[in-house]
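The values are calculated or read from the model by the stated rules, or taken from the named source; none is laboratory data. All values derive from a computational prediction rather than experimental measurement. Cβ sites come from the backbone with ideal geometry, for glycine too, and all protein chains shown count toward neighbours. The accessibility values were calculated without ligands, DNA or RNA, using every heavy atom of the protein model including side chains. Shrake-Rupley method; radii C 1.70, N 1.55, O 1.52, S 1.80 Å.
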Amino acid sequence: MGVSEKFYDVIIVGGGIVGLTLALLLQHSDKRIALLDKRGGVETFKPEQYDVRVSAITPASHRLFEKLNVWESMAALRVSPFNQMEVWDGDGRIEFDAASVGELTLGYIVENNVMLQVLWQTVLCSKSIDTITHLNLESLERLEEKSMMALHTDQGVFTAPLIIGADGAESWLRQAAQIELKTRDYQHHALVCTVKTERPHHHTARQVFMPQGPLAFLPLAEPDLSSIVWSSNPTHIEKLMALPDVDFASVLREAFQDRLGAILEVRPRARFPLIRRHAKQYVQPGLALVGDAAHTIHPLAGQGLNLGLADAALLAELILSEYAHKQERVKYSTLRRYERARKADNTQMLVTMDGFRCLFGNDIPALKWLRQRGLNLTHRLPWVKEWIVQQTIR
Ligand SMILES: Cc1cc2nc3c(=O)[nH]c(=O)nc-3n(C[C@H](O)[C@H](O)[C@H](O)COP(=O)(O)OP(=O)(O)OC[C@H]3O[C@@H](n4cnc5c(N)ncnc54)[C@H](O)[C@@H]3O)c2cc1C
């Protein structure tokens, strides 16, 4: 028996939050979409457990989920709005609030498994999306004469005029297409964990900058539960990971300068190496990259997923407009438009985050003076604060 071959209009490799969102954005067309993932489908959200991975999502990402009619289901599981942000370092301090920019909220803290569960369930109900899970990709073939791309896998050959890589930081598709990557090791690992605090968080996201790196407390749905992200050099994080819970709780309380009182409970910790990655190209004829497959960024401003969702939104809009004009295939010039627009935005964010990291991750007295003065001054200038908030939540 020969190897099975299936034809689609678009193949998306990777069923993470970005790939699933993109599939749903495209499903309104009368095109056949395949979503391929090496893992299984639906995540199982357990109300009694908080996912150790959470994301701060901006109002723009929230609106995208609303447009896809998935937000209500996410909110029914569990989401937590944050209305204020407080950032400090030594004597410098700045606060932002949603009301000052005419928004109800600055964003939401959402557990990753909440988004994944709802998105997967919605994708599985879609008539125009085929999901193929637990598959291994073997090779990518460009069928020049037919202007098609073919993915050879252990579950047959999948062929389409457009293949999109949403397969995360280590993207198989990016490597198979021989797209080069610019990388820089941030020399930071991130420790993440859910903690219970003595005092309520009042739906404020807080971040303290220390010479070794930032420590954020993100407010979860229960008033005394926060998700922390502590970024520091790998040796320091290794030591923190090895501490017994009670010792970790007291080190954490001290580092957070007692802002929320004692740390009453520490749940399992996890760590992630932090690497800045940026693909030199986002597109080739018949191929595009979105999300972490195209870029990864330091989590200090909680932007990685938001940038990936913005990639998905623009790419889907351009693809659908081609289909609306009765184009059978998405032109390379259209993919290049996507690349130019998103690369400019993503580069700006990557560079800004590098600047922040350098300014705050440094104990040089002049820089210390500058950032403390800067934070205090910015705090007193409402229009500057407003501008910063607009830039981060747009
Ligand atoms: C500590 C930390 C905190 C963060 N906090 C925030 C935050 O607050 N806000 C924010 O916006 N971002 C945040 N981020 C970034 C965010 O987590 C990522 O940007 C986002 O999850 C990327 O989603 P993705 O769908 O692009 O990739 P992924 O989530 O990596 O999904 C990739 C998918 O592709 C599949 N896949 C991989 N390889 C293959 C293959 N060979 N074949 C088939 N399938 C494959 C995987 O199984 C997976 O389903 C944070 C990151 C870290 C490390």
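Brief remarks follow.
- Taking the DSSP beta bridges with both ends in the chain, the antiparallel portion is around 70 percent.
- Gained length - Arg142 relative to Glu180, 0.36 nm times residue gap less alpha-carbon distance: 11.9 nm
- Approximating the spin labels as points 7 Å out from Cα along Cα→Cβ, the Arg267-to-Arg336 distance works out to 4.8 nm.
- For trypsin sites (Lys or Arg not before Pro), the sites in region 101-192 that DSSP calls loop and that have at most 15 other Cβ atoms within 10 Å are Lys127.
- In region 272-329, trypsin sites (Lys or Arg not before Pro) in a DSSP loop with at most 11 other beta-carbon atoms within 10 Å: Lys280, Lys326
- Distance violations [Cα-Cα > 19 Å] among Lys38/Lys127; Lys182/Lys239; Lys31/Lys331; Lys146/Lys280: Lys38/Lys127; Lys182/Lys239; Lys146/Lys280
- Accessible carbon and sulfur surface of the chain relative to its total accessible area, %, 1.4 Å: 53
- GNM on the chain, alpha-carbon springs under 10 angstrom: the most fluctuating residue among Ser226, Ser126, Ser55 is Ser126.
- Relative contact order, whole percent, for region 231-328 stands at 16, derived from Cα pairs under 8 Å and 6 or more residues apart.
- Å² per residue, accessible surface of the chain at 1.4 Å: 46
- Helix-only [θ]222 nm of the chain, DSSP H runs n ≥ 4, -39500 (n - 2.57) each, per residue, nearest 500: -11500 deg cm²/dmol
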